[in-house]
Amino acid sequence: MQSPDRGTPGILRLPREVRDEIYKRVLVISSPLHLFAEGEASDKVEVFAPGKPAQWLALLHTNRQLHSEASETLYGSHKFVMVDTTSAQAKLLKSFLDKIGRLNAGYVTSLCINFPTAEPGQSMSILRERCSSLRTLELFVHNKNSQGLVASSYEASKLESIRGLLLQVNAQFAAMPSVQNVLVKLYHGPLAPEVSELMRGFGWTVEVGR
């Protein structure tokens with residue numbers, strides 16, 4: 001009988017489905033992963049994960065094959081939240097996806113970003129190009145990007161321009177066939193009724209954030 005390769009970690013001698021279950025138990029935490037930059041001029045992306053265990057990602061550094069297999073679980077099983085609420089968010093998004101690489105970017109399934117009122121094409125084009133498995137997209141409406149969307153800032157004369165913006169955003173989603181769920185979360189509002197009706201007409205879910 002041939003003895004097992006002593007250089008091979010024991011976990012790799014287990015069936016793949018068993019390894020995948022181990023990856024889930026070790027790597028998946030209940031809270032979202034919050035991404036932020038050290039400063040607007042910085043390309044360095046930091047991750048804040050509430051409740052993460054000590055040595056949380058040690059498994060990824062054990063072996064190249066383990067890193068490859070476990071990365072699919074890490075990036076595919078968490079919701080990633082862009083903390084930046086400024087117009088620099090597209091830069092943060094690009095820096096994050098550059099950092100993790102195209103293969104891992106293709107595993108990302110759930111992402112939270114600002115509602116793209118300022119640059120509806122920039123962030124969406126990055127996601128369309130990099131995140132081929134993205135299924136759920138949450139869009140934050142807050143006090144810095146709510147102009148024209150919430151009741152307190154709504155002007156009926158601007159309805160057509162708002163409609164045009166929403167049509168443009170929805171067209172970006174339509175160009176990403178993997179996206180199945182679009183959730184608009186309000187942290188500054190409520191939405192003007194006409195705006196809410198337009199969003200729901202696209203099949204988006206609208207709710208108050210907590």
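Quick check: convex hull of the Cα atoms in the chain, volume per residue, rounded to a whole Å³? Spell out each step's value before the answer.
Numbers: hull volume 27.8 nm³, N = 210.
Spread over its residues, the Cα hull of the chain gives 132 Å³ apiece.
Remind me, what semi-axes does the range 138-201 give for its equivalent ellipsoid, largest first in whole Å, using sqrt of 5 times each Cα gyration tensor eigenvalue? Walk me through the intermediate numbers first.
Numbers: eigenvalues 83, 40, 17 Å².
Taking √(5λ) for each Cα gyration eigenvalue gives 20, 14, 9 Å.
With runs of 4+ DSSP H residues as the only contributors, calculate the mean residue ellipticity of the chain at 222 nm using -39,500 (n - 2.57) per run, divided by the residue total and rounded to the nearest 500.
On the way: 6 runs with 76 residues, N = 210.
Rounded to the nearest 500, it is -11500 deg cm²/dmol.
Would you please calculate the Kirkwood hydrodynamic radius of the range 95-203 over all C-alpha pairs and express it in Å, rounded to one decimal?
About 14.5 Å, per the Kirkwood formula over Cα pairs.
Could you go through the range 43-58 in sequence order and give the Karplus-derived ³J(HN,Hα) for each residue, using 6.51 cos²θ - 1.76 cosθ + 1.60 with θ = phi - 60°, rounded to whole Hz, and x for Gly and Pro?
3J(HN,Hα) across the range 43-58, in whole Hz: 9, 7, 9, 9, 10, 10, 10, x, x, 5, x, 5, 6, 3, 9, 4.
So which GluC sites (Glu not before Pro) in the range 13-73 pass both tests, a DSSP loop state and at most 11 other Cβ atoms within 10 Å of the Cβ? Don't jump to the answer; show the numbers that get you there.
On the way: sites: Glu17, Glu21, Glu38, Glu40, Glu46, Glu69, Glu72; in loops: Glu38, Glu40.
Here the sparse-neighbourhood loop sites are Glu38, Glu40.
Of Asn181, Ala192, Phe115, which is farthest on the positive side of the dipole of the range 109-210, counting Cα position, with +1 on Lys and Arg Cβ, -1 on Asp and Glu Cβ, and the Cα centre as origin?
Farthest towards the positive end: Asn181.
Compute the relative contact order of the chain as a whole-number percentage, counting only Cα pairs closer than 8 Å that sit 6 or more residues apart in sequence.
15 percent
Sorted by packing (mean other beta-carbon atoms within 10 Å per residue), highest first, where do 133-144, 164-175 land? Working shown, then result.
Details: 133-144: 18.3, 164-175: 15.4.
Peptide ranking by packing, descending: 133-144, 164-175.
Each value in this text was obtained by applying a stated rule to the coordinates, not by laboratory testing. Note that the structure is a prediction, hence the values are computed from the model and not measured. Ideal geometry is used to build each Cβ from the backbone, glycine not excepted, and the neighbour counts take in all protein chains shown.
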